[in-house]
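The structure appears right after this line, and notes come after that.
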Amino acid sequence: MAAKTTFLAGRVLDQVLKHNAEHSYAWPVTVYAALFTSDPTVAGLFTGEVATGAGVTDYARQPITWSTIGVGNSVSNSTAITYPVSTAGYGANPIGWVGICDTVATASGMLYQGPLITPKTITAGDQVSFAIGALVMTEV
């Protein structure tokens, strides 16, 4: 997974290299996994987030707990990430992307995004879950 979004890249440049107080960013204590039916791209587009789908009432971004940074500057989820059971499905388009966001609120700052290895159409009774270690982030 993982392409850094332009949102995050701008915050890093502003704060690390420029020490720019004008665009200060409150780094999140918790980050959340958002599910997408279309590629959010490095621009961090929210138009394909499941929450924006018609009739979806049981979706909510889920918090992520990360492991210790390991060899190769990578980190992965240290607990399973489990979404509520879908009561009506997430629509005809499969879930194919995950975004890492800085708040639980929709249309907030997206930090990273990337495709799932296997997209999945979610129907009534399905539950999206990522096992421990399934989401891996690497900085080079």
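Considering the chain as a Gaussian network with a 10 Å cut-off on Cα pairs, which listed residue, Trp66, Trp97, Trp27, attains the greatest mean-square fluctuation? Comparing Trp66, Trp97, Trp27 in a Gaussian network model of the chain, the most mobile one is Trp27.
Coordinate range of the alpha-carbon atoms in segment 69-138 per principal axis, descending: 41, 25, 19 Å. The listed residues Lys4, Lys120, once ranked by accessible area (1.4 Å probe) with the largest placed first, stand as Lys120, Lys4. Taking the Cα centre of segment 1-138 as origin and assigning +1 to Lys and Arg Cβ atoms and -1 to Asp and Glu Cβ atoms, the resulting dipole is close to 180 debye. Only protein heavy atoms count here; under a 1.4 Å probe, Leu8 has an accessible surface of about 10 Å². When nucleic acids and ligands are ignored and a 1.4 Å probe is applied, Thr103 ends up with an accessible area of around 50 Å².
To put it simply, the accessible area of the chain at a 1.4 Å probe is 61 percent carbon and sulfur. A cut-off under 15 angstrom between Cβ atoms defines the neighbours of Thr82, and their net charge, with Lys, Arg +1 and Asp, Glu -1, is 0. The Rg/Rh ratio for the chain is 0.98, where Rg is the radius of gyration of the alpha carbons and Rh is the Kirkwood radius. Candidates Thr5, Val71, Cys101 compared by Cα position along the dipole of segment 1-118: farthest toward the positive end lies Val71, with charges placed on Cβ. Excluding ligands, DNA and RNA, the accessible surface per residue across the chain is 53 Å² with a 1.4 Å probe.
The values are calculated or read from the model by the stated rules, or taken from the named source; none is laboratory data. All of these numbers come straight from a predicted model, not from anything done at the bench. Ideal geometry is used to build each Cβ from the backbone, glycine not excepted, and the neighbour counts take in all protein chains shown. Surface accessibility is based on the protein's heavy atoms, side chains included, excluding ligands, DNA and RNA. Shrake-Rupley method; radii C 1.70, N 1.55, O 1.52, S 1.80 Å.
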